Amino acid sequence: MAAAAGHHWDNDAIKCNLSPQEILQGLDAFALGLVLAKYYIDTVQEWGSFAHDGVSYCLAHLDAHEVVFEGEKDTYKFIVTYGLHCFAKDDSEHSIPVAVRDGRESRQVDLERYEASKHLRHIIEQLHVTQERIYETAVDKYFTMRLLNSKSGQEEPYKVCLAMFKEKRKLRIHVTSAFFPRDGKEGSVDNPVNPKTLKPGKGFQYLKSRRTSKTPLTNAAAPKKHSTEEVRERAPLPLG
C-alpha cells in the first residue's frame, strides 16, 4: 500500500476468497498443530481468518514477517509479530460476535481495529523513513500518527503500542496493540501527546545509536511468553 503525503494511509479491503467452511477447516488444522511455525519464537505467528454475516475476513496481514532497517554502518533484521489487541476489543461500538483466542485471553473482533490493522505492516516497515518518535510510559511504549478511519471517514490519531527486545538471539518487534484513542485517553484528539511530559523511549530512535554502539538489546521488554499449547489455541469462535 502506498503512503500518501504526510505519512497518511487510506484503507483498502482485504478479504479471503474462502467459504466459512474452508476457513473453519483451515483453523482446525492449525489448532491441531498441522501448520508449522515459520519462526522459533513464543508468540502467535499466523492468525488465520474469520467469517461474519457470510463474509470471510483474512488476518494474513498480521502474520509474522521480517523487516530490515539499514543504518549508516549496520543492518538490523527484526522479526515482527502482532498481538490480539491490534484487531480485537470487547463490547466496543464496532465489536462483532466473533471471538479470537491468543492462548491467554479471548476477545471479540473489533471491525474498526481490524480495518486499521491492515496498514500496520506498512507502518512498521516504513519506520526508518517516517522516523516516528516512540514514547515510553510506565505501561508501554508507543507512537501516534494520523490515519484515515474507514468507519468514521475521518483522519484520526492512531496509537501503535510496541515492544522491542531480543528473543532467542533474534531482534524482535511485537506490536501489542493499535487503535484510535478516544474518551480522553492519551493520544486522543482531546488529550494529544505532550512530549514535555513523556520520556523518549529506546524504540526506533535507539537503532540510530546502535550504529556505533555494541550495547545489546535485552529481554526486559519482551511480552509474556506463550506455551506451545497456548499458541495453538487461537481459532475464532462464534459467540452465542
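The values are calculated or read from the model by the stated rules, or taken from the named source; none is laboratory data. No experiment lies behind these values; they were computed from the predicted model shown. Note that each Cβ is placed from the backbone with ideal geometry, even for glycine, and that neighbours are counted across all protein chains shown. The area values use the complete protein model at the heavy-atom level, side chains included, leaving out ligands, DNA and RNA. Shrake-Rupley method; radii C 1.70, N 1.55, O 1.52, S 1.80 Å.
Just the residues that are more than 30 Å from LEU171 (Cα to Cα) and at pLDDT 95 or above, please, taken from segment 77-91.
Within segment 77-91, just ASP90 meets the criteria.
Restrict the check to segment 72-85 and report whether at least one residue is farther than 26 Å from ARG146 by Cβ, in contact (Cβ under 8 Å) with a residue 40 or more places away in the chain and among the acidic types (Asp, Glu).
Yes: segment 72-85 contains one or more residues that are farther than 26 Å from ARG146 by Cβ, in contact (Cβ under 8 Å) with a residue 40 or more places away in the chain and among the acidic types (Asp, Glu).
Taking the conditions exactly as written (among the hydroxyl-bearing types (Ser, Thr, Tyr) and open to solvent by 50 Å² or more (accessible area, probe 1.4 Å)), does SER150 satisfy them or not?
So SER150 passes the test.
Can you tell which of TYR135, TYR114 is closer than 27 Å to PHE50 by Cβ and either touching a Pro at 6+ places or on another chain (Cβ under 8 Å) or open to solvent by less than 10 Å² (accessible area, probe 1.4 Å) (or both)?
Selected residue: TYR114, the only one of TYR135, TYR114 that is closer than 27 Å to PHE50 by Cβ and either touching a Pro at 6+ places or on another chain (Cβ under 8 Å) or open to solvent by less than 10 Å² (accessible area, probe 1.4 Å) (or both).
Are there any strands (runs of 3 or more DSSP E) wholly within segment 123-240 with 1 or more residues that are polar (S, T, N, Q) and either at pLDDT 90 or above or on the phi < 0 side of the Ramachandran plot (or both), and if so which?
141-148, 170-179
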